[in-house]
Amino acid sequence: MYNVINLGVRFSGESLFSGITFLINEKDRIGLTGKNGAGKTTLLNILAQKSEPTEGNILIPKFKKVGYLPQHMSAKSKLNILQETLLAFEEVVALEKSLEILTHQIHSRTDYESSEYLNLIEALNHANDRLHLLDAQSRLANTEKVLIGLGFDPSEFEKPVEELSGGWKMRIELAKILLKKPDLILLDEPTNHLDIESIMWLEDFLSNYQGAVILVSHDRAFLDAVTTRTIEITKGRIYDYKTNYSGYVLQRKVLMDQQIAKYNNQQKEIKEVEDFIERFRYKATKAKQVQSRIKQLEKIDNQEVDLIDKKSIHFKFPPAPNSGKVVVEAKSYAKSYGSKVILKPLDFTMLKNEFVAFVGRNGEGKSTLAKSILQLIEFDGQINLGYNVKIGYYAQNQADTLDENLSVFDTIDHVAVGDIRKQVKSILGSFLFSGEDIDKKVKVLSGGERSRLALAKLLLEPVNLLVLDEPTNHLDMQSKDILKSALLNYDGTLIIVSHDRDFLLGLCSKTVEFKNQTIKEHLGGIEEFLEKRKLENLQQLELKEKNNLSQQKEISDNKMQFLEKKENDKQLRKLKKEIEKIEQLIEETENEIALLDQQLSNPNESIVFDEVFFKNYESKKETVTQLLEQWELLHTEMEPFIDR
């Protein structure tokens, strides 16, 4: 479908990658992987034609469309959620208008053999096929289905977009891309703003999608569920694996082992040659052999070892101070913002050394309860901390709170006290900041680097309660693995807010689900919780969808019926109008064929029955055949509207 040929990018004279060549097939599910800064987002931008490569090009077939969701975007709108999402169908509106114009142009022409006429027929067929693929007649129902799948409640469809957080606005943009049904979907970290249930819905949607998909994600479980092919960018080159992420990890290890073995054998060979040269360099009797060995050395093609960058976070948390058995105790806790209730009165207890995961949809109160435990916001009821509880906190936007004008070293040094100041460079080194890196200003750091620096601050003093709110959002796979390893060895108490299933697996002993303004505690980790939720979903999926639609109809039943009837009647009128035009064209063309048949039956000296005559005759017959096929297709498309 898409052919990427010798693509290369240079920044300030330095090569990011070069010579990248690969093919994107019609239904590929590709996971794009590589360490932070390898060029994944740059490649997506080029594929989406948002930027130009330094060298090489991309061959894009005619009529192919691309949908691109970047990591960051500013979406402004004065519309409500439903209205904004329905803008996804601007292509449908344009196609419907184009159909009218094309049909009129075809009707007004008689040059049936010309390339211009055939191009019009091709464009008409493409427009009809595209409308059929976009399921234009069901645009409203499909919009509701996608919005519900991405976590929106039907009762909120009329809520203004400008009142939403950035994460929910991103969901609307994602919904619009999915509804547009492009031939190629490009998604850069799409799960960063989704909760676990929405991620699982998106997995199912993308797995069954008719077009091609390319993902950049640090969510291993998401990649494994969706992708069947992995392209790794490393050291300016790519490696293409016909497997998902877990399969890629195994195959990559085999490839690295082979490269290391070849490299070691080659180094052994080089050393033997060099030893021979050194030993006999000054012996005249061996001069010929020495020269031969020198030439042999020059001809050796050095074996490269394209190892994955092994640099990653390597640290451990300081020993946790002793605390009481009860670490956190909430009594009749509740939180509202004005009339909006976030959490109804609830009781909650957390014991020493418990590892607890907070899960649930965005906006259900996970971060709110975490901030309340830290006494960062006001609330109703009580939250008491146990004896000698000392808290370390990593907020969802912790990296954004760093002073951009400070250097990496000063960021840590300014808050370090006592003997810990002697360890600042060591701490920074364990978080991959070394050499000139420690003198960089925070404002020039990438998102991943800022996250690592914010995590480094957690090591400055021993704590026995860690509260981590989405700590993995900007960390690459290896960094997440090292952070998880450090947490598994942490001897304090942990509260972690996360939607990253792979990161949570095997980490927590209790799962607290936030839903419907309250919480529900589940003994066991995220794996047991997901198995339970999946069983519930399998049994209640259809009922849930019907209930959601029923709830929406109860809210604005008359309005929805009116809009659906209006849309139905509009589509029916358009289809009838197109059928009438096709029937008129068929009648006119058949009359022309009948006239030619009459001329053939009654030959006349004024008529020359040459190649041009018969070519015109066959062309008109072919036109009638094509028009009849269009007529049948339009009648098929009209049936659902007649039944309503």
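The values are calculated or read from the model by the stated rules, or taken from the named source; none is laboratory data. The structure displayed is predicted, hence computed values, not measured ones. All Cβ positions, even for glycine, are placed from backbone atoms using ideal geometry, and neighbour counts span all protein chains on display. Remember, those area values only see protein heavy atoms, side chains included, never the ligands or the DNA or RNA. Shrake-Rupley method; radii C 1.70, N 1.55, O 1.52, S 1.80 Å.
Let me confirm something: among S407, S372, which residue is closer than 30 Å to G525 by Cα and of a type in the set (G, A, S)? Give the steps one after another, and end with the answer.
Values: S407 fails: closer than 30 Å to G525 by Cα.
Answer to the selection: S372.
Being more than 24 Å from I148 (Cβ to Cβ), open to solvent by less than 80 Å² (accessible area, probe 1.4 Å) and polar (S, T, N, Q) is the requirement here; does Q71 meet it? Break it down stepwise before answering.
Details: more than 24 Å from I148 (Cβ to Cβ): yes; open to solvent by less than 80 Å² (accessible area, probe 1.4 Å): yes; polar (S, T, N, Q): yes.
Considered against the rule, which asks whether it is more than 24 Å from I148 (Cβ to Cβ), open to solvent by less than 80 Å² (accessible area, probe 1.4 Å) and polar (S, T, N, Q), Q71 comes out as yes.
Tell me which of these R533 doesn't satisfy, since it passes every other one: (1) part of a helix (DSSP H, G or I); (2) at pLDDT 85 or above; (3) surrounded by 15 or more Cβ atoms within 10 Å (Cβ to Cβ).
It is condition (2) that R533 fails.
Given the condition farther than 17 Å from G67 by Cα and buried (at least 21 other Cβ atoms within 10 Å of the Cβ), answer yes or no: does some residue in the stretch 181-194 qualify?
Within the stretch 181-194, the subset farther than 17 Å from G67 by Cα is 192-194.
When the remaining residues are screened for being buried (at least 21 other Cβ atoms within 10 Å of the Cβ), the result is 193-194.
Yes, some residue in the stretch 181-194 is farther than 17 Å from G67 by Cα and buried (at least 21 other Cβ atoms within 10 Å of the Cβ).
Hey, any hits in the stretch 474-489 for a residue that's touching a strand residue (DSSP E or B) at 6+ places or on another chain (Cβ under 7 Å) and either of a type in the set (S, T, Y) or open to solvent by less than 20 Å² (accessible area, probe 1.4 Å) (or both)?
Yes, because at least one residue in the stretch 474-489 is touching a strand residue (DSSP E or B) at 6+ places or on another chain (Cβ under 7 Å) and either of a type in the set (S, T, Y) or open to solvent by less than 20 Å² (accessible area, probe 1.4 Å) (or both).
Please specify each residue of the stretch 6-26 satisfying the condition of being more than 20 Å from T228 (Cα to Cα), open to solvent by 50 Å² or more (accessible area, probe 1.4 Å), in a strand (DSSP E or B) and not hydroxyl-bearing (S, T, Y).
Scanning the stretch 6-26 gives N6, R10, F11, E14.
What number of residues in the stretch 610-638 are under 41 Å from the mean Cα position of the chain (by Cα) and of a type in the set (D, E, K, R)?
Total meeting the criteria: 3.
Considering only residues that are free of Cβ contacts under 8 Å to residues at least 12 places away in the same chain and surrounded by 13 or more Cβ atoms within 10 Å (Cβ to Cβ), look in the stretch 234-277 and name the one that is farthest from D481 (Cα to Cα).
Of everything passing the filter in the stretch 234-277, Q251 is farthest from D481 (Cα to Cα).
Answer with yes or no whether E197 is open to solvent by 30 Å² or more (accessible area, probe 1.4 Å), in contact (Cβ under 8 Å) with a residue 12 or more places away in the chain, out of contact with any His (no Cβ under 8 Å at 6 or more places or on another chain) and farther than 28 Å from I60 by Cβ. Steps first, answer last, please.
Values: open to solvent by 30 Å² or more (accessible area, probe 1.4 Å): yes; in contact (Cβ under 8 Å) with a residue 12 or more places away in the chain: yes; out of contact with any His (no Cβ under 8 Å at 6 or more places or on another chain): yes; farther than 28 Å from I60 by Cβ: yes.
Here the answer is yes, as E197 does meet what is asked.
Looking at the stretch 27-48 only, could you name the residues that are modelled with pLDDT under 90 and either aliphatic (A, V, I, L, M) or loosely packed, with under 14 Cβ neighbours inside 10 Å (or both)?
Of everything in the stretch 27-48, just one residue is modelled with pLDDT under 90 and either aliphatic (A, V, I, L, M) or loosely packed, with under 14 Cβ neighbours inside 10 Å (or both), namely A38.
Just name the residue that is surrounded by the most Cβ atoms within 10 Å (Cβ to Cβ) out of those in the stretch 210-233 that are part of a loop (DSSP other than H, G, I, E, B) and out of contact with any helix residue (DSSP H, G or I) (no Cβ under 8 Å at 6 or more places or on another chain).
Going through the stretch 210-233, the residues part of a loop (DSSP other than H, G, I, E, B) turn out to be 210-211, 217-219, 227-228.
Next, only the ones that are out of contact with any helix residue (DSSP H, G or I) (no Cβ under 8 Å at 6 or more places or on another chain) stay: 211, 228.
On the way: G211: 19, T228: 15.
This residue is G211.
Being in contact with a Leu (Cβ under 8 Å, 6 or more places away or on another chain) and at pLDDT 85 or above is the filter here; which residues of the stretch 257-272 pass it?
I270
Which residue pairs have Cβ atoms under 7 Å apart, sit 6 or more places apart or on different chains, and have a first residue in the stretch 51-80 that is in a loop (DSSP other than H, G, I, E, B) and a second that is surrounded by 14 or more Cβ atoms within 10 Å (Cβ to Cβ) and acidic (D, E)?
K64/D183; K65/D183; P70/D188; Q71/D188; Q71/E189; M73/E173; A75/E173; S77/E84
Can you tell me which residue among E521, E513 is modelled with pLDDT of 90 or more and open to solvent by less than 80 Å² (accessible area, probe 1.4 Å)? Steps first, please.
Working: E521 fails: open to solvent by less than 80 Å² (accessible area, probe 1.4 Å).
Going through E521, E513 in turn, the sole match is E513.
Just give me the residues in the stretch 414-456 being surrounded by fewer than 17 Cβ atoms within 10 Å (Cβ to Cβ), under 20 Å from D400 (Cα atoms) and at pLDDT 80 or above, in sequence order.
Within the stretch 414-456, H414, D437, D439, K440, K441, K443, V444 qualify.
Could you list, in sequence order, all residues of the stretch 382-413 that are open to solvent by 60 Å² or more (accessible area, probe 1.4 Å) and closer than 12 Å to E461 by Cα?
Within the stretch 382-413, K390 is the sole residue that qualifies.
Condition check ((1) closer than 17 Å to E84 by Cα; (2) open to solvent by 40 Å² or more (accessible area, probe 1.4 Å)) across all residues:
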{"site": "E96", "(1), (2)": "no, no"}
{"site": "E113", "(1), (2)": "no, yes"}
{"site": "T143", "(1), (2)": "yes, no"}
{"site": "L150", "(1), (2)": "yes, no"}
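Quick check on my filter: what residues within the stretch 235-264 are out of contact with any Ser or Thr (no Cβ under 9 Å at 6 or more places or on another chain) and closer than 20 Å to L43 by Cα?
Once the filter is applied, which keeps residues that are out of contact with any Ser or Thr (no Cβ under 9 Å at 6 or more places or on another chain) and closer than 20 Å to L43 by Cα, the stretch 235-264 yields only K235.
Please pick out the residue among Q599, Q561 that is at pLDDT 75 or above, out of contact with any Gly (no Cβ under 7 Å at 6 or more places or on another chain) and not β-branched (V, I, T).
Working: Q561 fails: at pLDDT 75 or above.
That would be Q599, the only listed residue that is at pLDDT 75 or above, out of contact with any Gly (no Cβ under 7 Å at 6 or more places or on another chain) and not β-branched (V, I, T).
Quick one: K286 ticks every box in (1) open to solvent by less than 100 Å² (accessible area, probe 1.4 Å); (2) over 38 Å from the mean Cα position of the chain (by Cα); (3) modelled with pLDDT of 85 or more except a single one, so which number is it?
Unmet for K286, out of (1) open to solvent by less than 100 Å² (accessible area, probe 1.4 Å); (2) over 38 Å from the mean Cα position of the chain (by Cα); (3) modelled with pLDDT of 85 or more: (3).
Test N302 against the stated conditions and say whether it is surrounded by fewer than 19 Cβ atoms within 10 Å (Cβ to Cβ) and modelled with pLDDT under 90. Can you show your working first?
Details: surrounded by fewer than 19 Cβ atoms within 10 Å (Cβ to Cβ): yes; modelled with pLDDT under 90: yes.
Yes; evaluated as a whole, the condition is true for this residue.
Would you say Q137 is open to solvent by 40 Å² or more (accessible area, probe 1.4 Å), in contact (Cβ under 8 Å) with a residue 40 or more places away in the chain and part of a helix (DSSP H, G or I)? Reasoning before the result, please.
On the way: open to solvent by 40 Å² or more (accessible area, probe 1.4 Å): yes; in contact (Cβ under 8 Å) with a residue 40 or more places away in the chain: yes; part of a helix (DSSP H, G or I): yes.
Criteria met by Q137.
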